[in-house]
1. Could you tell me the center-to-center distance, by alpha carbons, between the stretch 511-574 and the stretch 349-381 in angstrom?
2. Among 540-548, 465-473, how do they line up from the highest to the lowest mean number of other beta-carbon atoms within 10 Å?
3. How many percent of the accessible area of the stretch 117-177 is carbon or sulfur, using a 1.4 Å probe?
4. Cβ under 12 Å from F483's Cβ, F483 left aside: what net charge do those residues give with Lys, Arg +1 and Asp, Glu -1?
5. Can you tell me the order of 342-352, 155-165 when each peptide is scored by its average per-residue count of other Cβ atoms within 10 angstrom, highest first?
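The values are calculated or read from the model by the stated rules, or taken from the named source; none is laboratory data. Since this is a predicted model, take the numbers as computed values, not measurements. A quick note on method: Cβ atoms are made from the backbone with ideal geometry, for glycine too, and the neighbour counts reach across all protein chains shown. Remember, those area values only see protein heavy atoms, side chains included, never the ligands or the DNA or RNA. Shrake-Rupley method; radii C 1.70, N 1.55, O 1.52, S 1.80 Å.
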Amino acid sequence: MLRSLVGSEMCIRDRSTGICDCTQWSISNMQLLQAVSFLMVLAGIPGSWGEFYLNRQNTTVYGPAWSDVIVSYGADFVTCHGEYALCFYSNCTATQEAAWAPGVSMAECPCDKHDGLYMVMINAILDESEWRSTRERCPLGALSCPVPNTAPVCAAINNRTLFKGAPGVDELGYVSAYSFKNATQNPGSTSCADGPYAGCMTAPCSQGKDGKVSCQCPVATGPFQIGGEDKGCGGIPSGSYAVPYTRGDYALVPDHCDVKLPVCYQGTLDAVTAVLAEDTINCPGKNESAISPGTCLTFGYGLHLGKDPIFTEADIYVNRPPLAPTDFIERCESRSKNYTLPGKRALVITTSHGVLGPNGCTTCKPTGVASPEFTAPFYIFQDAGVNVTLASIQGGAIPIDTEARFMTHWDTRFWADPTARALVRTSPSIANLNFSDFDLVYMAGGWGAAWDLGRSAPLAEGITAAAGAGKVLGSVCHGALGFINASNADGQTFVQGRNMTAVTNRQIEQLKIAQITPLHPETELRNHGANFLANHGVLTDIDQSMVVVDGLLVTGQNQNSACETAQRMLDLIV
């Protein structure tokens, strides 16, 4: 049951009086949804940003784009109108590798040409740039872009520019998509065990002199479904994989419920039945909810807010906003002032630890720095005329957390900039830098920071030197661990007695990493004598934000706080 109003708090401590002045400001529920929307788990750094780059990203946990994996019909598809090719059930033939997809097994598939409404699965868009732009413009697929031809990929298909610049695709005749008619008439499907299948969604097609259309489709391996009932699974059929719900999930879905923030409950049948019978708040209490098999995401409620605090066997979901990610997750202050600070220098520091486990772990999940926690400050400093150096603990390639890469417009801007991407590949080590040469020193978070920021002797020495030189210091989330071993000029622990914030123990517990990461910022700051401050929501801290200014020290609570943290740091050098 969602009962909280969300606020963000900024506290400024006067070092001469010791008084902390806090001013409260609030955000709307819509901004809440936007702020905690963990949009599309995206992984990897592109190796090329030419006119065409094959989308090799694991667009779902099941594999790359050509796996054609459907997680949710609502969130995964957009509707277009125009000419397209349909490889609904095609017996394909293995063929030689295509120049536009080096290293990928290929099949040649006979398909039909059509003109009318068609559907494109966003997860399966083979042109990486169009995949990014479509996922950003339509984060919830048809729920975000309900009008045909709203999605960017539609224009690329209809204008024959989807594979522009792709080697070996001299002239694009058609692009393979899914028939809207087939989708709405539900002709059924046949499930197949692990095997090769052609992932034809958005594949390039050509028309021969005989009028027949043939599409070049990458081949995936795994369980799949093919269109139509009682079809054969042998050979290389065109297919896709619709992820089943296998845990006996049921959803208690709002049904014509007129409340400000309708909530969907998900769990076992017993769990959601208990909510329906006993809850007195929100849609169940109004007798305006219905139990249905499936997940809340199936019904368009894709934003997970955690366990219900009373009905603890049920999870709470709400609608994501029908908007593309921009800077909603960042609680930037709305301000009219513009900075012009030529000659100033900023040092942005990230982790070098890239796995959720000890160094060298080959079975651990990848992690690193949370992209928005360094891209937002990077551009806020740079746009103010500040010369920015991006460094890491060990130097070299910076690991990027795959679950927090494209969350804000700062991320989109950074990863589309080849000059910026080059900085990530060749970052200097902090051991080779003089921190006192910089006017601002900022430390980004991310789960990787839990392993190295609080254990780096060069970082502690650099922060100690910068503090002694009167530089402006800042951090967000796990970045605050970089302060715990630093000292003041008198040898006292740097954080002792300071008002500070960072990611809360509650948030890392809710994200289920508390038993994995070795250092927890809230615990470490408290243990080292800091006055720890944070905002707490009723259900979760993930949607909260706080920025604390203590003298020349600025700290932000979590991934929502990087923008305002950088703004406050600039305030202190003007």
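1. 17
2. Per-residue mean Cβ counts within 10 Å order the peptides as 540-548, 465-473.
3. Values: 1040 of 2030 Å².
C and S atoms contribute 51 percent here.
4. Here the count lands on -1.
5. Top of the packing list down: 342-352, 155-165.
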